[in-house]
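Structure record follows, encoded as structure tokens.
The values are calculated or read from the model by the stated rules, or taken from the named source; none is laboratory data. The model shown is predicted, which means the values in this text are computed figures rather than measured ones. Quick reminder, even Gly has a Cβ in these numbers, built from the backbone with ideal geometry, and neighbours come from all protein chains shown.
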């Protein structure tokens, strides 16, 4: 595995320029690659991840030790850690991407004009994609695999905390490319943790077609502010679960605890629980007790604190906080209208859920809540490209242009129009 390159500040621009030019050349070749070739590369990469699981684990141990020494939070440590099960899940994720239908060359629409022209809208790769992400080294595998499947070259920039882990995973991806006869430059990473490299990447509009950031609000806001390249936004996961008056009590308790506590450090974890006031004396105590029994700290409004005096008083800041920890804000609302209004005011357009047996209420919620993913009677932890059958995802896009929700291989394509004529001229 390559160690971090010692890049002098004066040379960094040249390093990034070379990286971009290599990616552009690789993208041109990859865009024309047969589906079977890309599949072979992904299958070989998955096998390399399994074969090199020991090297990946050793690299991750270095990152984990350094992260603990730096005092990273438990949530960030959880995101960083690669257990044997997570390494195997990475390999399986790459294989699942390999098995997806090829998203390139699909005829999205076609029609004939009265003058005899035949027009088709056909999917094509975006080109070169820069992916900037924090902490989670498995994103290296997900992003690389999805870009390869969709015919795009990738320039990866993971967080400094995961530098060794990501490098070991990249070695496996490039081994897969080599086995299939594709350029290793199809998937590259910035060879330094120097933050200045990100600033340069964001200006490389001649080489890079799209930037996909995945991380905290600070990272996203910086990229949106500085980038001269179109950005697929992935804002923080200010995720809500609303327990409607017609919720099934047992189902609600089970789903709420899972939505918050299964993994608290992922972007699909519920951060705010809204409960209908009609349930304040019946279901609310059960929900609070179940969360408390699962070692979740509760910050609530006045009604919540009356039901559970041990709960901390919620402040205005709590309704806008992505904890990424075993902490939840709980608010009692007057009904569906207030729940929708609260979510649209405080959510990050990521994922929102309603628990109810009233299909009319569920339909209103799903139609009126402004989010990339809306759910009915399901844990928000399912907000994941793999769970959606996409094999993996680069992130959850909270914007509204081009891609929204999980960004998988299909979302990493654009299209062109192919027009067939027989010598027509325009009068």
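Please tell me if residue 219 is within 24 Å of residue 17 (Cβ to Cβ), surrounded by fewer than 24 Cβ atoms within 10 Å (Cβ to Cβ) and under 17 Å from the mean Cα position of the chain (by Cα). First the steps, then the outcome.
Working: within 24 Å of residue 17 (Cβ to Cβ): yes; surrounded by fewer than 24 Cβ atoms within 10 Å (Cβ to Cβ): yes; under 17 Å from the mean Cα position of the chain (by Cα): yes.
Criteria met by residue 219.
Here is a check on your reading of the model: is residue 75 in contact (Cβ under 8 Å) with a residue 12 or more places away in the chain, assigned to a helix (DSSP H, G or I), in contact with a helix residue (DSSP H, G or I) (Cβ under 8 Å, 6 or more places away or on another chain) and surrounded by 14 or more Cβ atoms within 10 Å (Cβ to Cβ)? Reasoning before the result, please.
Working: in contact (Cβ under 8 Å) with a residue 12 or more places away in the chain: yes; assigned to a helix (DSSP H, G or I): yes; in contact with a helix residue (DSSP H, G or I) (Cβ under 8 Å, 6 or more places away or on another chain): no; surrounded by 14 or more Cβ atoms within 10 Å (Cβ to Cβ): yes.
No: the conditions fail for residue 75.
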Query - When residues of the stretch 305-330 are limited to those that are touching a helix residue (DSSP H, G or I) at 6+ places or on another chain (Cβ under 7 Å) and either outside any loop (DSSP other than H, G, I, E, B) or in the same structural domain as residue 78 (by TED's automatic domain parsing) (or both), the one nearest to residue 243 (Cα to Cα) - result: 330
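Can residue 376 be described as on the phi < 0 side of the Ramachandran plot, surrounded by fewer than 24 Cβ atoms within 10 Å (Cβ to Cβ) and not assigned by TED's automatic domain parsing to the domain that holds residue 90? I'd like the intermediate steps shown before the answer.
Values: on the phi < 0 side of the Ramachandran plot: yes; surrounded by fewer than 24 Cβ atoms within 10 Å (Cβ to Cβ): yes; not assigned by TED's automatic domain parsing to the domain that holds residue 90: yes.
The answer is yes for residue 376.
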**Report entry** Residues that are part of a strand (DSSP E or B) and over 21 Å from residue 32 (Cα atoms), drawn from the stretch 110-132
**Finding:** 110, 111, 112, 118, 119, 131, 132
**Report entry** Residues (buried (at least 20 other Cβ atoms within 10 Å of the Cβ) and under 27 Å from residue 407 (Cα atoms)) located in the stretch 237-260
**Finding:** 237, 238, 239, 240, 241, 242, 255, 256, 259, 260
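So that you can scan it fast, the table gives a plain yes or no per residue for (1) over 23 Å from the mean Cα position of the chain (by Cα); (2) over 30 Å from residue 127 (Cβ atoms):
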site	(1), (2)
37	yes, no
53	yes, yes
61	yes, yes
69	yes, yes
77	no, yes
90	no, no
Report task. Exactly one condition in (1) touching a residue at least 24 places away in the same chain (Cβ under 8 Å); (2) in a strand (DSSP E or B); (3) in contact with a helix residue (DSSP H, G or I) (Cβ under 7 Å, 6 or more places away or on another chain) is not met by residue 386; state its number. Result -> (2)
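Taking residue 288 as the residue in question, decide whether it is modelled with pLDDT of 95 or more, outside any strand (DSSP E or B) and surrounded by 20 or more Cβ atoms within 10 Å (Cβ to Cβ).
Numbers: modelled with pLDDT of 95 or more: yes; outside any strand (DSSP E or B): yes; surrounded by 20 or more Cβ atoms within 10 Å (Cβ to Cβ): yes.
Yes: the conditions hold for residue 288.
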Report summary line: residue 391 passes all but one of the listed conditions (1) free of Cβ contacts under 8 Å to residues at least 40 places away in the same chain; (2) on the phi > 0 side of the Ramachandran plot; (3) out of contact with any strand residue (DSSP E or B) (no Cβ under 8 Å at 6 or more places or on another chain); the exception is number (1)
Report task. Restrict the check to the stretch 215-228 and report whether at least one residue is closer than 22 Å to residue 67 by Cα, free of Cβ contacts under 8 Å to residues at least 12 places away in the same chain and assigned to a helix (DSSP H, G or I). Result -> yes
Report task. Tell me, please, whether a residue that is touching a strand residue (DSSP E or B) at 6+ places or on another chain (Cβ under 9 Å) and not in a helix (DSSP H, G or I) can be found in the stretch 94-103. Result -> yes
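Are any residues in the stretch 396-427 on the phi > 0 side of the Ramachandran plot and within 21 Å of the chain's Cα centre (by Cα), and if so, which ones? Let's see the steps before the verdict.
The first filter runs over the stretch 396-427 and keeps only residues on the phi > 0 side of the Ramachandran plot, leaving 402, 405, 423.
Result: 402, 405.
Which residue out of 135, 166, 207 is assigned to a loop (DSSP other than H, G, I, E, B) and touching a strand residue (DSSP E or B) at 6+ places or on another chain (Cβ under 7 Å)? Can you show your working first?
On the way: 135 fails: touching a strand residue (DSSP E or B) at 6+ places or on another chain (Cβ under 7 Å); 166 fails: assigned to a loop (DSSP other than H, G, I, E, B).
Exactly one residue qualifies, and that residue is 207.
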